[in-house]
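See below for the structure under consideration.
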Amino acid sequence: MNTHSYGPIPGSTILSGIAGKKAIVMAANVRIATVAEGIFKAAKDTDSAVFMELARSESDLKGGYTGMTPQVFGDKMRAAAAATGCDIWALHADHISIKKGDAAEIAGTRELIDAQVKAGYTSFAIDASHLFNFEGKNVREELDGNIAATTDIARYIKQQMKG
């Protein structure tokens, strides 16, 4: 009986493992899930780590423009990793965009994160760059909305991931 796990590992574990070394980790945006096995095979053959990712626009609660919800994407990536024997990878939520920063959007973002955590995501990138205040009188005022939304969502992710 094979008890080996081919599930994703924490992105922070991968990044900590290469800290201080001359190394890179590829982040593969797998809009077409059928290419995942090739990416995993190349990662395994070169003893490399890889982040498998989709952005919010590509994979949201309704499937985004790829048609893949977080659960569907996670399931497809786990199946491809198992088929190739690749076990050094992270499931990454790329560009969790926050464009308005209002209460409804923050609540919707939290719902998406809940689905991503349930689907086994191990890495998250928050993108609140749209909240730049062009009328700000200094850098702090310009970035205030971005900082507030990013901090709120980062704390929520930490809580949902239990640390």
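Counting only residues that are under 22 Å from Ala82 (Cβ atoms), free of Cβ contacts under 8 Å to residues at least 60 places away in the same chain and not charged (D, E, K, R), region 17-40 holds 13 of them.
Across region 24-45, the qualifying residues are those that are exposed (fewer than 12 other Cβ atoms within 10 Å of the Cβ) and modelled with pLDDT under 95, and the one among them that is farthest from Gln116 (Cα to Cα) is Ile24.
Examine region 22-32 for a residue that is in a helix (DSSP H, G or I) and not small (Gly, Ala, Ser), and state whether such a residue exists. No - not one qualifying residue is present in region 22-32. Of the helices (runs of 4 or more DSSP H) entirely within region 44-163, those holding at least 2 residues that are small (Gly, Ala, Ser) and farther than 25 Å from Gly17 by Cβ occupy 103-118, 139-160. Evaluating Gly120 against the criteria (1) surrounded by fewer than 19 Cβ atoms within 10 Å (Cβ to Cβ); (2) at negative phi; (3) not β-branched (Val, Ile, Thr) leaves one unmet condition, (2). Checking each residue in region 49-70 for being of a type in the set (S, T, N, Q) and surrounded by fewer than 17 Cβ atoms within 10 Å (Cβ to Cβ) picks out only Ser57.
The values are calculated or read from the model by the stated rules, or taken from the named source; none is laboratory data. Everything numeric here is computed off the predicted structure, so don't read it as measured data. Heads up, the Cβs are rebuilt from the backbone with ideal geometry, glycines too, and the neighbour counts pull from every protein chain shown.
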